[in-house]
Amino acid sequence: MDTQLSPVERLARTHPDLEIWWDSSPLVYKSWVQKMLNATAPRQRPEREAQFARLYNTDNPCASIFRGCTTNPPLSLQAVKSDPKFWNEWLDDLIRSRSDLCLPELTWLTYKEVVRRGAQLYLPLYEATQGRFGWLSGQLDPRLFTETEQMVHEAEELAALSPNVMIKVPASMQGIEVVQVLTSRGISTNTTVCFTLPQIMASANAAMKGCMIAQANKVDLSKWRAVITMMIGRLTEHPVLDVQAERRGIRLSWQDKHWFGLAVFKRAYRLLTEGGYASKMLACSMRHGPLVAGKVRFWDVQKLAGGDIVYTCPPYVLEPLFEIGDDLIFEREIEDGVPQDVLDKMGKIPYCIQAYDPNGLELEQFNEHPSTVGTVENFSKGFSSLESYISERMTLAQ
């Protein structure tokens with residue numbers, strides 16, 4: 001093992017088409033790196049600094065390990081708060097110059113500016129790879145997850161900011177239609193708020209239908225991409241899982257729950273690969289653990305290694321990866337099976353059946369899935385918090 005390589009670099013080597021993305025605004029990367037270096041022992045600091053420089057090379061983005069970036073409303077607010085001097089001045093200028101705009105309009109303009117600035121940092125990578133890499137995912141206002149026309153309108157605004165902006169569309173009933181519409185117009189998509197195989201397959205099919213429409217209309221798809229985000233932890237940690245299991249006299253361990261999430265992802269990967277779908281699976285919301293034979297593992301990452309997939313890694317994923325370090329072994333495991341006893345337990349729990357069976361949910365049920373409800377609420381709070389921040393600046397400007 002080459003001890004000079006970071007765990008992220010070793011993971012990336014398990015498949016030639018495996019991609020690792022930064023899951024936060026690019027605007028906060030430098031401050032996160034500095035925080036990590038400050039916590040690193042002096043003798044380890046030079047090597048760690050070199051590893052971080054390879055993850056995201058600010059001087060030469062094309063040489064970076066990170067091949068893209070995902071963001072959401074809470075992460076965008078974090079970007080604003082990470083540089084208050086710049087953003088407060090920017091907001092104050094906007095408020096003074098656009099006194100005709102109301103709070104929601106000012107918030108939307110601010111959010112778009114955060115997305116635009118982040119996309120510009122990845123644009124050199126996008127241009128150097130002819131659109132294969134260098135995408136930044138900008139999320140639609142999560143409060144509109146049932147409003148088809150408004151989501152399409154917002155998506156077009158975000159896509160116009162930079163050629164490398166990919167639109168994060170919720171896997172709601174209406175969002176699936178939006179994926180098809182955007183694809184038909186050559187706009188790249190990242191399906192989010194997605195937890196179950198029925199949602200994944202609906203999104204994959206919508207993208208395929210959109211491609212057919214685009215091709216019939218001679219829309220250029222040469223730089224179009226689609227990824228489907230499965231939020232593993234947000235599926236396995238929902239309290240409904242424990243409630244339904246206990247009701248049936250089933251005791252689920254931490255390992256059982258994580259095998260459940262991995263089982264859904266692995267099955268989705270197999271179906272999309274075998275079916276020749278245009279969309280690529282993206283692993284998100286991963287949790288470190290468990291402790292095996294006295295060593296900490298990171299199953300949510302390790303058990304998916306070796307696939308033609310995307311991992312999007314926020315600080316809370318990268319930090320334990322670096323902390324565990326060389327103890328983590330990455331091998332091709334994505335096609336390995338799931339323990340039969342876990343599958344047997346899953347087959348008795350409705351929440352698991354809905355997620356693992358391709359026909360476990362009808363399209364009309366997507367919006368009411370417990371994880372969908374909870375995640376939309378969380379993301380909506382993030383957007384509302386950004387609104388509140390701007391409202392405070394408006395008050396100070398009066």
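Where in segment 285-304 does the amide nitrogen come within less than 12 Å of the point 7 Å from the Cα of D336, taken along Cα to Cβ?
Flagged as within label range: 298-304.
With unit charges on the beta carbons (Lys and Arg positive, Asp and Glu negative) and the dipole taken about the Cα centre of the chain, which residue among A50, Q130, V28 sits farthest to the positive side?
A50
Report the charge-dipole magnitude of the chain in Debye, nearest 20, computed about the Cα centre from +1 at each Lys and Arg Cβ and -1 at each Asp and Glu Cβ. Don't jump to the answer; show the numbers that get you there.
On the way: 42 positive and 48 negative charges, 111 e Å.
That gives a dipole near 540 debye.
What percentage of the solvent-accessible surface of the chain, computed with a 1.4 Å probe over protein heavy atoms, is contributed by carbon and sulfur atoms?
Solvent-exposed carbon and sulfur of the chain make up 49 percent of the total.
If you take the Cα atoms of the chain, find Rg, then find the Kirkwood Rh from the mean of 1/r over all pairs, what is Rg/Rh? Each step should come with its number before you reach the end.
Working: Rg = 21.0 Å, Rh = 21.8 Å.
Reported Rg/Rh (Cα atoms, Kirkwood Rh): 0.96.
Based on DSSP H runs of at least 4 residues, each adding -39500 (n - 2.57), what is the mean residue ellipticity at 222 nm of the chain after dividing by all its residues, to the nearest 500 deg cm²/dmol?
Computed mean residue ellipticity for the chain: -16500 deg cm²/dmol.
Based on DSSP loop calls and a cut-off of at most 12 other Cβ atoms within 10 Å, the longest stretch of the chain free of exposed GluC sites (Glu not before Pro) is what?
My reading of the result: 1-330 is the longest stretch.
Taking the full set of protein chains and a 1.4 angstrom probe, give the accessible area of S253 in square angstrom, rounded to the nearest 10.
50 Å²
Farthest toward the dipole's positive end in segment 100-147, which of A119, P104, F145, given Cβ charges of +1 (Lys, Arg) and -1 (Asp, Glu) about the Cα centre?
The residue sitting farthest along the positive end of the dipole is A119.
Over the C-alpha atoms of segment 26-100, what are the Rg and the largest Cα-to-Cα span, Dmax, in Å?
In order Rg, Dmax, the Cα atoms of segment 26-100 give 16.2, 56 Å.
Explain nothing, just the number: relative contact order of segment 299-358, from Cα pairs under 8 Å at least 6 residues apart, as a whole percent.
Details: 28 pairs, mean separation 25.1, N = 60.
Over segment 299-358, the number comes to 42 percent.
What is the Cα centroid distance between segment 193-256 and segment 303-344, reported in whole angstrom?
18 Å
How many nm is it between the label spots at S388 and R13, if each spot is 7 Å from the Cα in line with the beta carbon?
Going from the S388 label point to the R13 one covers 4.6 nm.
What does the accessible area per residue of the chain come to in Å², with a 1.4 Å probe and no ligands, DNA or RNA counted?
On the way: 16920 Å² over 398 residues.
Per residue, the chain has 43 Å² of solvent-accessible surface.
Obtain the nm distance between the two label points defined at T58 and R43 by a simple spin-label model: each point lies 7 Å from its Cα along the Cα-to-C-beta direction.
In this crude label model, T58 to R43 measures out at 2.9 nm.
What FRET efficiency, computed as 1/(1 + (r/R0)^6) with R0 = 45 Å and r the Cβ-Cβ distance, is obtained for L103 and L271, rounded to the nearest 0.05?
For R0 = 45 Å, the calculated efficiency reads 0.55.
The values are calculated or read from the model by the stated rules, or taken from the named source; none is laboratory data. Note that this is a predicted model, so its numbers are computed, not measured. Every residue, glycine as well, gets a Cβ built from its backbone with ideal geometry; the counts of neighbours run over all protein chains shown. Accessible surface is based on the protein model in full, side chains and every heavy atom, while ligands, DNA and RNA are left aside. Shrake-Rupley method; radii C 1.70, N 1.55, O 1.52, S 1.80 Å.
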